[in-house]
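Working notes, structure below.
The values are calculated or read from the model by the stated rules, or taken from the named source; none is laboratory data. A quick note: this is a predicted structure, and the numbers were derived from the prediction, not measured. A quick note on method: Cβ atoms are made from the backbone with ideal geometry, for glycine too, and the neighbour counts reach across all protein chains shown.
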């Protein structure tokens, strides 16, 4: 039986791109991976190193690619760009990375690309919207990695605090992948029990204070990691595999990717993260979940932060 092609093109051979490829290789999701970067020698070295592990994993083709590989790709993932420096906000990265993303879009325009595109480069929300503007594809086909990682951090920290398996915690971070992100406490539950009810029954801490501390720690996680080791790549690499899985396997999974809103949540012409059903066509459906008053206000504030920042690059 012929195996269905699942070709992934990764643009950017830095730590995030190569960590993602390493995790993707071990997942067995892709049948072919092409790596593109302006530094051709770096690409050749990374491909050679990764290829030496092929005897230990399911069969796959991996090679140094070119933009022509995008013509028959199922998924294009953009990780190219400058990394966040210690003390630097994601939005402060925008000027440096805007030109890089525009040059990539220029190359993609020359290909008859039908793939789903996932933007990872920070500030991811602004650059996702820029890519939609540049390529003029359907908003469903261009998504940002958004707060998928932030939501994973949220689940992990809650699981550690409550001493339960992280896979049994359901929680979402909405809005900007950045300082104005919004923890959706009203959507958070453990074993189907709303988190506030769970905490009141548990009664081992002042949950209001603990909730604030957890939200702050989620928001500041990237800054701490950058201070400690210079950059983040393991968590985002695994997050990208999860997004890829939903697309390549047409799973209709619910993930908080960054997508362009057109009236949803009362917001227009801004890319930010909200729960979306993700499948082979990208965003299959945007879920408009009921939020409490504070969360709604926080989401609008986050949107205004991004709208103002996008005006500076558009």
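What the table below lists for this structure:
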item: Residues of segment 245-259 satisfying the condition of being buried (at least 19 other Cβ atoms within 10 Å of the Cβ), under 14 Å from the mean Cα position of the chain (by Cα) and not in a loop (DSSP other than H, G, I, E, B); result: 246, 247, 255, 258, 259
item: Of the criteria (1) modelled with pLDDT under 95; (2) surrounded by 24 or more Cβ atoms within 10 Å (Cβ to Cβ); (3) on the phi > 0 side of the Ramachandran plot, which one residue 163 fails; result: (2)
item: Members of segment 267-299 found to be surrounded by 15 or more Cβ atoms within 10 Å (Cβ to Cβ) and assigned to a helix (DSSP H, G or I), listed by number; result: 295, 296, 298, 299
item: Residue list for segment 72-83, filter: in contact (Cβ under 8 Å) with a residue 40 or more places away in the chain, surrounded by fewer than 20 Cβ atoms within 10 Å (Cβ to Cβ) and closer than 28 Å to residue 225 by Cα; result: 83
item: Residue 117, sole failed condition from (1) without any contact (Cβ under 8 Å) to a residue 24 or more places away in the chain; (2) under 19 Å from the mean Cα position of the chain (by Cα); (3) farther than 28 Å from residue 214 by Cα; result: (1)
item: Residues that are under 16 Å from the mean Cα position of the chain (by Cα) and farther than 17 Å from residue 151 by Cβ, drawn from segment 215-244; result: 231, 233
item: Every residue from segment 128-179 that is more than 30 Å from residue 108 (Cβ to Cβ) and in contact with a strand residue (DSSP E or B) (Cβ under 7 Å, 6 or more places away or on another chain); result: 154, 155, 158, 159, 162, 164, 168, 169, 170
item: Residues of segment 271-288 satisfying the condition of being in contact with a helix residue (DSSP H, G or I) (Cβ under 7 Å, 6 or more places away or on another chain), closer than 28 Å to residue 5 by Cα and without any contact (Cβ under 8 Å) to a residue 60 or more places away in the chain; result: 279, 286
item: Subset of segment 166-197 that is in a loop (DSSP other than H, G, I, E, B) and exposed (fewer than 15 other Cβ atoms within 10 Å of the Cβ) - its residue that is nearest to the chain's Cα centre (by Cα); result: 179
item: Lone unmet requirement of (1) without any contact (Cβ under 8 Å) to a residue 24 or more places away in the chain; (2) under 21 Å from residue 289 (Cα atoms); (3) in contact with a helix residue (DSSP H, G or I) (Cβ under 8 Å, 6 or more places away or on another chain) for residue 144; result: (1)
item: Residue match in segment 50-69 (condition: surrounded by 20 or more Cβ atoms within 10 Å (Cβ to Cβ), under 22 Å from the mean Cα position of the chain (by Cα) and not assigned by TED's automatic domain parsing to the domain that holds residue 303); result: no
item: Elements of type strands (runs of 3 or more DSSP E) contained in segment 1-64, each with 3 or more residues being under 20 Å from residue 236 (Cβ atoms); result: 7-11, 32-36
item: Answer from 263, 237, 230, 298 - the residue that is modelled with pLDDT of 95 or more, under 27 Å from residue 160 (Cα atoms) and out of contact with any helix residue (DSSP H, G or I) (no Cβ under 8 Å at 6 or more places or on another chain); result: 298
item: Residue among 105, 210 that is surrounded by 14 or more Cβ atoms within 10 Å (Cβ to Cβ), in the same structural domain as residue 243 (by TED's automatic domain parsing) and in a helix (DSSP H, G or I); result: 210
item: Considering residues of segment 71-95 that are in a helix (DSSP H, G or I) and in contact with a helix residue (DSSP H, G or I) (Cβ under 6 Å, 6 or more places away or on another chain) only, the residue modelled with the highest pLDDT; result: 94
